[in-house]
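The values are calculated or read from the model by the stated rules, or taken from the named source; none is laboratory data. What you see is a predicted model, and the numbers here were worked out from it, not measured in a lab. Positions of Cβ are generated from backbone atoms using ideal geometry, with glycine treated the same way; all protein chains shown enter the neighbour counts.
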Amino acid sequence: MYLGGKLRKQIAIGAAAMLAATVLAGCSGGSAQPAASDDPTAPLLVWVDAERQPVVQKFIEEKFTSSHPGIEVKVELVDATQGTNTAKIALAQKAGEGVPDIVFIGSPDEIASLSANPINYPLALNGLVEQSVLDDFPSAKRCSYGDQIYCLGNDTGQTVFWYNKALFDEWGYSAPATFSEFKELGVKLAQEHAGYNLGTVNGRYGTDAWLGSSGCPFIDVVDPVQVRINLADPKCSRVIDVMAPLLENGALANLDLFDKNYTAQVADGKVVGMIGASWVADFAFKPMFKDANKEAEGSGKYAAAPMPTWDGESTNWSGAVGGGIWVASASTKNKQATVDFLVGITTDIDIAKAQATYPAYIPGAQAWLADKAADTWYAENPSEVLLDAANKVNPADGYVRYQTELLESFNATVIKGNASADSLAQFGEQAKAAAEATGYTVVS
Amino acid sequence: MSGKSPALRTSLPQRRLARKGLLFTAPYVVLLLLFGITPAAYGLYQAFIVTKIMGDPEFSLWQNFADVLGDYRLGTSAANVALYMLTWLPALLILVFALALAMDAKRSKFAALTRFLTYVPGAITGSAAALLWLFMFSPTVSPIGPALRALSGTDATFVSDETMPLILAIMGISAGAGGWVVILFGALTGIPSDLIESAQLDGATAWQTVWHVKLPMIRSYVAFVLIVSLANGFQVFVEPTVIRAGAPAHISQTWSVNQLAYVYATGGQLNYGRASALSILLLAVCIGLAVIIIKRTNFYSLEDN
């Protein structure tokens, strides 16, 4: 192509100017934003997922607007897939606009990414939220670094043993009190009723529910840059001792809880028990019967039994699977309204009562359990078991920046491979690599 | 280029022509600068900025590249992509050439129909095709379910890290072959018929005509197919991502190299530096291979003649 000399020069200068502008923009975008000056009338921007959107909208219309007249609240819908919120907040920070003041995070591990470079998003809540309120969020301990708490819980995924009580009674089985009994039950089930299983241990069910309740140090977070990983610990090997033979004989399934092939098994009544989060019955069992038009078949059968106790423990520790959190922005322009909104939405009893999952806020949970007690879908009232388990979540583990990698490694080594002490060690190696790749120093 | 002939500078019609040319290309140049060159330059800059978990970002010429090359996932991702390319590319090339040559040899209505039929699957875009094939490989809903069940022995989806190269190859061929067939058929029809006739008069068999006359004549088209396919193949992203979304816990989020770059930028670490570094490495591989292909096939030789 022929270009006049002058034109070519102009284009070259233009391109150079654009490059320079880009490079400069890059420099300024790299550092954390300074806290903006506070404006008590500034509007709020709230990010939520589809499930919470109508609830939040209602909360604003019926409660927040009357207590905070003149403060406009804009609600934006954000896909709840793990990592989406973090990535979007990072982009909004880079763009310098549209950073939410409050965000709902469905996968609480994201707090580990939000609290680190380059985002440094969350607002430390101590001093801004009354201590008595913070005390009513026991699960918030998991998103604290040092003395500071950075989130308020939406729900808790404490694990219990969900089981088909009607079938257990018919077969003469009883809920296992220890994991040794669980293992015996699994062996018996595979022999007497092949094709039935005691739940799945894929991904976070095997990690957070099983390894987590046992206190296995696989995500034992020391601080944002240090994590303790030691899969050789006896608290890890005792898990694989139970899991391996039952995966082998089919008494434990290896599919994701929401895999179509597994939900079909649930609807067929093949899943007779599961070490599962508080929400498993309401969220993963009940709807599957409904989807398969077998609503009556699922009803009146399932009950919650206390978590079995791991050998050598005196407490029947629970694990925690998921559990959404609410996080406020440290760079909010209206700090008071942001904190008020955060506390308001998480401590609202009506919202807590109506939500599908176990509320993280203790008074909310009490109201929720009262409703659950009256639900005839359950064979017996699960309230007491759920409440007890909520206070027994094993404190050994925390939130990390490599949770997805961790679950993939667990599936690739222990679940899809040959579950054994070797595969557990291999999982440990991969967990270590994943931790180091995301900026952690690993101690054992 | 302008430097060749000073006379051009003073020629008024030429200058007018150049201005017209510029007018035509200006919108493209603007868009290229805004959405091509600028982001690429920004990416290049980012590749040298090291984000640390604590403390300020640092400038380093090599740190991000070293981190990326030392990543424990890169080997697996690269092996996955390599296996996919080895499955897909030879099969694609053989199929595309066989079809184009067959159509060229027998220019019947049947050939036109075949051309149309091979082209149609290409109308389904990447993400939609990924969903379609996800269903195809899930025994409970697939029309070929019984065959899959017989192969794997279970109702579990056929989709896994190990079967992905095969699945992507089938997807890639069904979606891409038709377009290439049309292009190569066009190239074959462009070969002067007297050339083919003289070869036949000299006693060349059909096979010899293909091997010694037709293929060398469409050499640069072969190169073009190769370069575009290699670039697409190395950057495979949409298909494994969509399939993974539909088959939870069956496929790694870092199955391909490009997915690993995406995870750097959006996953737990938000590390744009490493994402850029890996993208640049990927670009270097693609450009390197393209240069080799161009040299080997004398890609630009026709224009020199």
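Data for the structure
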| item | result |
| --- | --- |
| Residues of the stretch B:51-64 classified as surrounded by fewer than 19 Cβ atoms within 10 Å (Cβ to Cβ) and closer than 21 Å to B:ALA284 by Cα, total | 4 |
| Pairs, first under 15 Å from A:ASN120 (Cβ atoms) in the stretch A:86-107, second among the small types (Gly, Ala, Ser) and assigned to a loop (DSSP other than H, G, I, E, B), C-beta under 6 Å, six or more apart | A:ALA92/A:GLY98 |
| Test: A:VAL129 is at pLDDT below 95 and in contact with a helix residue (DSSP H, G or I) (Cβ under 8 Å, 6 or more places away or on another chain) | yes |
| Residue count, the stretch A:174-212 (criterion: closer than 16 Å to A:PHE410 by Cα and not in a strand (DSSP E or B)) | 12 |
| A:ALA190, sole failed condition from (1) away from chain B (no Cβ under 14 Å); (2) among the aliphatic types (A, V, I, L, M); (3) more than 26 Å from A:MET243 (Cα to Cα) | (3) |
| Whichever residue in the stretch A:90-135 is within 14 Å of chain B (Cβ to nearest Cβ) and within 21 Å of A:ILE362 (Cα to Cα) and, among such residues, is surrounded by the most Cβ atoms within 10 Å (Cβ to Cβ) | A:ILE105 |
| Condition met for B:THR87 (at pLDDT below 90 and either of a type in the set (Ser, Thr, Tyr) or part of a loop (DSSP other than H, G, I, E, B) (or both)) | no |
| Hits in the stretch A:349-362 - residues which are without any contact (Cβ under 8 Å) to a residue 60 or more places away in the chain and either surrounded by 20 or more Cβ atoms within 10 Å (Cβ to Cβ) or assigned by TED's automatic domain parsing to the domain that holds A:GLY276 (or both) | A:ALA352 |
| Segments classed as helices (runs of 4 or more DSSP H), wholly inside the stretch B:116-206, with at least 1 members that are among the aromatic types (Phe, Trp, Tyr) and surrounded by fewer than 16 Cβ atoms within 10 Å (Cβ to Cβ) | B:126-136 |
| Residue selected from the stretch B:246-262 under the condition free of Cβ contacts under 8 Å to residues at least 24 places away in the same chain and within 8 Å of chain A (Cβ to nearest Cβ), by the criterion nearest to B:THR76 (Cα to Cα) | B:GLN253 |
| B:LEU230 being in contact (Cβ under 8 Å) with a residue 12 or more places away in the chain, assigned by TED's automatic domain parsing to the domain that holds B:ALA91 and within 30 Å of A:ALA437 (Cα to Cα) | yes |
| Residue in the stretch A:418-429 that is part of a helix (DSSP H, G or I), within 14 Å of chain B (Cβ to nearest Cβ) and either aromatic (Phe, Trp, Tyr) or touching a residue at least 40 places away in the same chain (Cβ under 8 Å) (or both) present | yes |
| Qualifying positions in the stretch B:72-106 - within 14 Å of chain A (Cβ to nearest Cβ) and crowded, with 19+ Cβ neighbours inside 10 Å | B:ARG73, B:SER77, B:ASN80 |
| Qualifying residues in the stretch B:20-36 (those that are surrounded by 12 or more Cβ atoms within 10 Å (Cβ to Cβ) and either more than 8 Å from every other protein chain (Cβ to nearest Cβ) or at pLDDT 90 or above (or both)) - the one farthest from B:LEU283 (Cα to Cα) | B:THR25 |
| Residue in the stretch A:77-85 that is surrounded by 14 or more Cβ atoms within 10 Å (Cβ to Cβ) and either part of a helix (DSSP H, G or I) or not assigned by TED's automatic domain parsing to the domain that holds A:ILE345 (or both) present | yes |
| Which listed residue, of A:ALA292, A:ALA304, A:ALA284, A:ALA264, is in contact (Cβ under 8 Å) with a residue 40 or more places away in the chain and among the aliphatic types (A, V, I, L, M) | A:ALA304 |
| A:LYS141 vs. criteria of a type in the set (Lys, Arg) and buried (at least 22 other Cβ atoms within 10 Å of the Cβ) | no |
| Positions within the stretch A:253-305 being surrounded by fewer than 18 Cβ atoms within 10 Å (Cβ to Cβ), within 23 Å of the chain's Cα centre (by Cα) and part of a loop (DSSP other than H, G, I, E, B), in sequence order | A:PHE258 |
| Residues (in a helix (DSSP H, G or I) and more than 10 Å from every other protein chain (Cβ to nearest Cβ)) located in the stretch B:45-65 | B:GLN63, B:ASN64, B:PHE65 |
| Residue in the stretch A:381-392 that is modelled with pLDDT of 90 or more, of a type in the set (Gly, Ala, Ser) and farther than 16 Å from A:TRP162 by Cβ present | no |
| Residue within the stretch A:235-244 that is more than 21 Å from A:ALA175 (Cβ to Cβ) and touching a Cys at 6+ places or on another chain (Cβ under 6 Å) present | yes |
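Per-residue answers, yes or no, for (1) in a helix (DSSP H, G or I); (2) in the same structural domain as A:SER113 (by TED's automatic domain parsing):
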{"site": "A:ASN316", "(1), (2)": "no, no"}
{"site": "A:GLN336", "(1), (2)": "yes, yes"}
{"site": "A:GLY364", "(1), (2)": "yes, yes"}
{"site": "A:VAL385", "(1), (2)": "yes, no"}
{"site": "A:ALA389", "(1), (2)": "yes, no"}
{"site": "A:ALA396", "(1), (2)": "no, no"}
